[in-house]
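To start, the structure under review is shown below, and the notes come after it.
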Amino acid sequence: MSKKTVQKSKKRTTRANKKRTTGVKTNTVVKSAPVTSEKVTEVKPVEVPKKVDTVESTPKTTVQPKETSEKVIVAESAPAVKTMPAKKATTKKATAAKSTTATSKKTTTAKPKSIKSETPVEPKPTEVIQEVPVEKSQPIDLGPRRSVAFIGSECYPFVKTGGLGDVMSALPKSLAKLNMDVKVIIPRYKCIPQKFQEKMEYKGSFYMDLCADGKQYYVGIMEYQEDGVVYDFIDNDEFFSWGNPYTNLIDDIPKFCYFSKAALAALNYLNWTPDIVHCHDWQAALVPLYLRTSFKDTNVGRAGAVLTIHNLRFQGIYDRKTIQYWSDLPDYVFNKDCMTQNWLDANMLKGGITYCNKLTTVSNTYAGEIQTEEYGEGLEEHLRYHSSKVLGIVNGIDTDIWNPATDKLLAAQYDSQSVIKNKKANKKALQESLGLEVDDHKIVIGLISRLTNQKGLDLVNDVIPSIMDEHTQVVVLGTGDAMYEDAFRYYENKYKGNFCAYIAYNENVAHNIYAGCDALLVPSRFEPCGLTQLISMRYGSIPIVRETGGLKDTVQPYNLFDNTGNGFTFDRYESGLLYDAINRAKTLYFENRKYWDEMVVRDMNKDVSWQQSAKQYKDMYVELTPKY
């Protein structure tokens, strides 16, 4: 481009700037200034961040409005704008100037061909500014912090005989995720697996007065930590040298009198003062009494006391003088309104109910049932008197342990998306491993339970001859009363290939039954909560339950008319009603498999975790400790 042409272009630009009132847009002269210089169109200038400086320090050149518009668009679309060297910018501008000179030879006004199309669009500030850091999400408010000590006789995976062990394991871990300091205290039984024993750390020991005659006993403290929870084990060979946690009342009464007092003494020794002491069942029911008597003037004596009843049938009833000697509790607690029962006996659970600040059960329905004569186990009047502090919170399950998508014990892992396909593979593997006829078209009904009357085994025993046909298979897993063990062995022999009685408890077999069966029986006479039906739903097996306790709270009866519900239920404790519920399940399974499969998926998507229940427990703890 000639020097003369550039000078003419500058003169035209100067005259255009003097006549802005004409409203005609012309070229803009950029004098070593950023893109934010005024534009002839009177559009408000766009302020480009300093990072966008591609035209800074460039020589005086004529720039078309289109060029300016292009620069903004590039700034909007580019993920990261880098500063370009002045030399490259000069080359680009020279090209633009050359284009301008060529146009000026044809027209003297140098107007753009289309003013409207070349008008720069003002970009949104959020789109232009690329370097603004993304704000971090605000931390979730988990509410007030509290500390709680769980005291109970068993805890999975160290020792477990029933649902108590599962709760003592899963609930503390869930509370730890809700901004809670949690400590679990259990006896150091000899049956605890060696792999855990080896990881325990010695925290100290002392001697403690226990009996009414002042006899002292050794208290050792061993500690183990996992998943944000601290586990303390009370060590004493005299009381915990047996292979099983429970033996007989003659031995168990002294053992758990010692344990309840030693657990509180250990908290004082460790200088760990909880806001709440949460004790479980009759084995730890003396803890609230000790808190308000022997430990009332100590640090731990300031804690609130919560007692959870997992099964009201077991209460720790024994000779009053024996309990009075071993506990060394004051005489005034041995009266008809507290510990004394039937004049000559003492009831440890009854005393805990009297002295605790809050009494919980493991389902809302069970909280009401235990206050009736049918389910009250002789304590219904005492419980009605203390009804103001009774609260029902349904249990959950540990969804990390019980997860068919990651369960390594299964023949084929699955989730709610693949359950219909992969459950067939688990069903086939179950039939092969237990000696059943391999037939996908048969319905497999499972039963995993302690073989006792409480679990409704008398009803099951009555209906088996009626439900066994060429389309049905039954699998039983568990141990218990000899009469039921023998009855199921008889049925296995009678219905060979279609009935299996696995008289033992095997965790691996349990997982495979949950995954391989189509339906699961839980016909309990009473059931405080029940975990079996929750696990069965988690694994896509349809529960068939009696409407009692936690079974009623967690299983919604199936409604054929609107295709809702997640199981089959019956109300009165009668074998005929159980038979009817099983037949309703079989009818849907064989005649409307689409609705059955939809219910399977619905069950797998149901939230059976501890998340909601743990939040209810924390709300209760906060309510009991309003001092913060």
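The values are calculated or read from the model by the stated rules, or taken from the named source; none is laboratory data. Please read these numbers as outputs of a predicted model, since none were measured by experiment. Here the Cβ is made from the backbone with ideal geometry for all residues, glycine too, and neighbour counts use every protein chain on show. Surface areas here come from the heavy atoms of the whole protein model, side chains and all, with no ligands, DNA or RNA. Shrake-Rupley method; radii C 1.70, N 1.55, O 1.52, S 1.80 Å.
Rank these by accessible area, largest first, 1.4 Å probe: D331, D462.
From most exposed to least exposed: D331, D462.
At 1.4 Å probe size, with the rest of the protein present, what percent of the exposed accessible area of region 521-628 is carbon and sulfur atoms?
Working: 2160 of 4520 Å².
Taking all protein chains in place, region 521-628 shows 48 percent carbon and sulfur surface.
Please tell me the relative contact order of region 500-628 in percent, rounded to the nearest whole number, where contacts are Cα pairs under 8 Å and at least six residues apart. Write down the numbers at each step before the final one.
Values: 156 pairs, mean separation 25.2, N = 129.
Normalised by residue count, the contact order of region 500-628 is 20 percent.
What residues have an amide H closer than 5 Å to that of F499, excluding those fewer than 5 places away on the same chain, when H is modeled at 1.01 Å from N in the peptide plane?
Long-range HN contacts for F499: V474.
With a 1.4 Å probe and all protein chains left in place, how much accessible area per residue does region 291-422 have, in Å²?
Value returned for region 291-422: 46 Å² of accessible area per residue.
Any idea what the relative contact order of region 194-318 is, in percent, if you count C-alpha pairs under 8 Å spaced at least 6 apart? Write out the running numbers ahead of the final one.
Numbers: 157 pairs, mean separation 22.6, N = 125.
Value for region 194-318: 18 percent.
Give a residue-ordered list of calculated ³J(HN,Hα) values for region 509-525 (Karplus: 6.51 cos²θ - 1.76 cosθ + 1.60, θ = phi - 60°; whole Hz; x for Gly, Pro).
5, 4, 4, 6, 5, 4, 7, x, 7, 8, 9, 9, 8, 9, x, 4, 5
Could you sort the peptides 154-166, 293-305, 348-360 by per-residue average Cβ neighbour count (10 Å cutoff), highest mean leading?
Details: 154-166: 19.4, 293-305: 17.2, 348-360: 23.3.
Peptide ranking by packing, descending: 348-360, 154-166, 293-305.
If you count, for each residue, the other Cβ atoms within 10 Å and average over each peptide, how do 184-190, 172-178, 380-386 line up from highest to lowest?
Peptide ranking by packing, descending: 184-190, 172-178, 380-386.
May I ask you to give the percent of accessible area on region 182-290 that is carbon plus sulfur, with a probe radius of 1.4 Å?
44
In nanometres, what is the gap between the two model label sites at D580 and W242, each 7 Å from Cα along Cα-to-Cβ?
Those two pseudo-labels are separated by 4.4 nm.
Could you pull out every residue, at least 5 positions away or on a different chain, whose amide H is within less than 5 Å of the one on G304? Hs are placed 1.01 Å off N in the peptide plane, and Pro or chain starts have none.
It is I276, V277, by chain and number.
What list of ³J(HN,Hα) values in whole Hz, one per residue of region 312-326 in order, does the Karplus curve 6.51 cos²θ - 1.76 cosθ + 1.60 (θ = phi - 60°) give from phi, with Gly and Pro shown as x?
Coupling constants for region 312-326: 5, 4, 9, 10, x, 8, 7, 3, 4, 5, 5, 5, 5, 5, 6 Hz.
According to a simple spin-label model (label point 7 Å from Cα along Cα-to-Cβ), what is the distance in nm between K408 and K321?
Computed distance between label sites K321 and K408 equals 5.7 nm.
Taking amide H positions as placed 1.01 Å from N in the peptide plane, with prolines and chain starts having none, which residues 5 or more places from F150, or on another chain, fall under 5 Å of its amide H?
For F150, whose amide H was placed from the backbone, the distant partners under 5 Å are K183, V184, I185, H278.
If you roll a 1.4 Å probe over region 308-370 with all protein chains in place, what percent of the accessible area is carbon or sulfur?
Using a 1.4 Å probe with all protein chains present, region 308-370 comes out at 52 percent carbon and sulfur.
Using 0.36 nm per residue, how much length does the chain from R302 to R145 gain when fully extended, once their Cα-Cα distance is taken away?
That works out to 54.8 nm of additional length.
Just subtract the alpha-carbon distance of Q225 and K336 from 0.36 nm times their residue separation and send over the number in nm, one decimal.
On the way: separation 111, 0.36 × 111 = 39.96 nm, distance 4.19 nm.
The span from Q225 to K336 would gain 35.8 nm if fully extended.
Could you report region 207-266's accessible area per residue, 1.4 Å probe, as an integer in Å²?
Per residue, region 207-266 has an accessible area of 37 Å².
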